[in-house]
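Here the structure comes first, spelled out in structure tokens, and everything after it is commentary.
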Amino acid sequence: MFQIEQVSILIVTIFLAVSFWLINKQLQTLQGKQKPNRIAAGVVKLVSWINQYTIDAMGEEYGRKFSAYIGTVFIYILVSNISGLFGLSAPTSNYSVTLSFAAITWIFIQGVSIKTNGFKGYLKSFLDPFAFFLIPNIFGQIAPLLSLSLRLFGNVVAGSTIMSLLYMFTGWVSQFVPVIGGFNFFGVIVAPVLHLYFDLFSGFLQSFLFISLTIIFIGVETPQENG
Amino acid sequence: MTIGDGLVAIAAALAVMTGIFSTAGQGYVAAKAVEAVGKNPEAENEIRTMLILGAGIAETAAIYGLLIAFLILFAY
């Protein structure tokens, strides 16, 4: 069964791979005190910000290990959300994609919890404080998975649906103009502001929120140094 | 247009009403953030980050409602 988002995933992945390779080539061929160009400097700043944000919240040891995953997810979800502006059907508007991201995060959360407490300690944590708290504790573990995936999916799908409804409405209104009716000029005037909110602002906010919640959920499970 | 279509429209409108409390919650978050900046103007950048994060989380319930409304509207 063919889903149109498979093509978008392919295009986004190829675009990201080519841009990473070009920026890496630019950074490798620096000699001495030569300054990198603006895009490479921006990328260095982004990576250092992600490292600092992750290590602040997760502690030194786990922060270094996870900052690569966090950075990848952030850049990928950001570019996927914005790709609605370029005519692609956004990859994150398919629930399978967001469920995959949330599932990887969920596996990391359970893995860090098992590694910190041991397998028996992990199973015991389902039974505290009382033995019949088993079912609420199970739901408490499944809730982050569902809420992370549904939040991202809902925002992107709502944005794209509202924009397509707006274009249909402005197309119907534009047909009454006598000379240039038939061309959806009214939508071209009204739509950019809404695109600014739904695609750019919402896309950036949702990707930032995804990684913040990932960092918080994993950071709660790591051993505290001053605990 | 049958009675069924009308009921579907009413159901979608009821589902989207979760936005009422979400807006009230986000306004409360913004009010507290402004008050905190007033008390401590140097911490403005951290407070701005917390504001955006908190508002984004409080918006989740409204997005769930909107998603259910779209599902009802386009699947029935």
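For the protein assembly as shown, the share of accessible area belonging to carbon and sulfur comes to 72 percent (1.4 Å probe, ligands and nucleic acids excluded). Ranking A:Met1, B:Met17, A:Met168 by solvent-accessible area of protein heavy atoms (1.4 Å probe, all protein chains present), from largest to smallest, gives A:Met1, A:Met168, B:Met17.
A simple spin-label model places pseudo-atoms 7 Å from Cα toward Cβ; at A:Trp172 and A:Ala131 they are separated by 6.3 nm. Residue-wise HN-Hα couplings along the stretch A:184-200, as the Karplus relation 6.51 cos²θ - 1.76 cosθ + 1.60 with θ = phi - 60° gives them from phi, are 7, 6, 5, x, 5, 7, 8, 5, x, 5, 5, 5, 4, 6, 6, 8, 6 Hz; Gly and Pro carry x. Average 1/r across all pairs of distinct alpha carbons in the protein assembly as shown, invert it, and you get the Kirkwood radius: 22.5 Å. In chain A, the DSSP-assigned H stretches of four residues or longer account for a calculated mean residue ellipticity at 222 nm of -26500 deg cm²/dmol, using -39500 (n - 2.57) per stretch and the full residue count as denominator.
Which of the trypsin sites (Lys or Arg not before Pro) found in the stretch A:19-117 are loop residues per DSSP with 14 or fewer other Cβ atoms within 10 Å of their Cβ?
Those that pass, being in a loop and sparsely packed, are A:Lys33.
Helix-only arithmetic for chain B: the sum of -39500 (n - 2.57) across DSSP H runs with n ≥ 4, divided by the residue total, places the mean residue ellipticity at 222 nm at -28500 deg cm²/dmol. Radius of gyration (Cα atoms) of the stretch A:135-227, expressed as a multiple of 2.2 N^0.38 Å: 1.72. The calculated FRET efficiency for the pair A:Ser100 and B:Thr2, based on their C-beta separation and a Förster distance of 51 Å, comes to about 0.80.
For chain B, compute Rh as the Kirkwood radius over C-alpha pairs and then the Stokes-Einstein diffusion coefficient at 25 °C and 0.890 mPa s; write the answer in µm²/s, rounded to an integer.
Value of D from the Cα-based Kirkwood radius: 171 µm²/s.
Scalar couplings 3J(HN,Hα) for the stretch B:51-56, obtained by applying the Karplus form with A = 6.51, B = -1.76, C = 1.60 to θ = phi - 60°, are 5, 5, 5, x, 5, x Hz; x denotes Gly and Pro. Around the Cα centre of the protein assembly as shown, unit charges on the Cβ atoms of Lys, Arg, Asp and Glu (plus for the first two, minus for the last two) sum to a dipole of about 680 debye. Placing unit charges on the Cβ atoms of the charged side chains and taking the dipole of the protein assembly as shown about its Cα centre, the candidate lying farthest along the positive direction among A:Ile109, A:Leu196, A:Ala17 is A:Ala17. Here the relative contact order of chain A, from alpha carbon pairs under 8 Å that lie six or more residues apart, stands at 25 percent. A viscosity of 1.306 mPa s and a temperature of 10 °C, combined with the Kirkwood radius over Cα pairs in Stokes-Einstein, give a translational diffusion coefficient for the stretch A:1-41 of 130 µm²/s. Extension gain, A:Gln3 to A:Tyr197, is 67.2 nm, computed as 0.36 nm per intervening residue step minus the present C-alpha separation. Percent of alpha carbon pairs in the stretch A:1-93 separated by more than 19 Å? Roughly 54 percent, rounded to a whole number. Computed from the C-beta positions of A:Thr116 and A:Ser48 and an R0 of 25 Å, the FRET efficiency is 0.35 to the nearest 0.05. Computed with a 1.4 Å probe on the full set of protein chains, the accessible area for B:Tyr28 sits at about 140 Å². Each of A:Phe183, A:Leu134, A:Val73 was placed along the dipole of chain A (beta-carbon charges, centred on the mean Cα), and the one lying farthest toward the positive end is A:Val73. Evaluated over the protein assembly as shown, the count of Lys pairs having alpha-carbon atoms less than 23 Å apart is 8 (only pairs 8 or more residues apart or interchain).
According to the Cα gyration tensor, what semi-axes, each the square root of 5 times an eigenvalue, does the equivalent ellipsoid of the stretch A:93-165 have, listed from largest to smallest in whole Å?
That gives 33, 14, 6 Å for the three semi-axes.
Semi-axes of the equivalent ellipsoid of the stretch A:44-99 are 27, 13, 6 Å, computed as sqrt(5λ) over the eigenvalues of the C-alpha gyration tensor in descending order.
Taking every Cα-Cα distance in the stretch A:50-179 and sorting them into 10 Å bins starting at zero, the pair-distance distribution P(r) comes out as 10, 27, 28, 18, 9, 5, 2, 0 percent.
The values are calculated or read from the model by the stated rules, or taken from the named source; none is laboratory data. On a predicted model such as this, the values are computed, not experimentally measured, just so you know. Virtual Cβ from ideal backbone geometry, glycine too; neighbours counted across all protein chains shown. All accessible areas refer to the heavy atoms of the entire protein, side chains included, with ligands and DNA or RNA removed. Shrake-Rupley method; radii C 1.70, N 1.55, O 1.52, S 1.80 Å.
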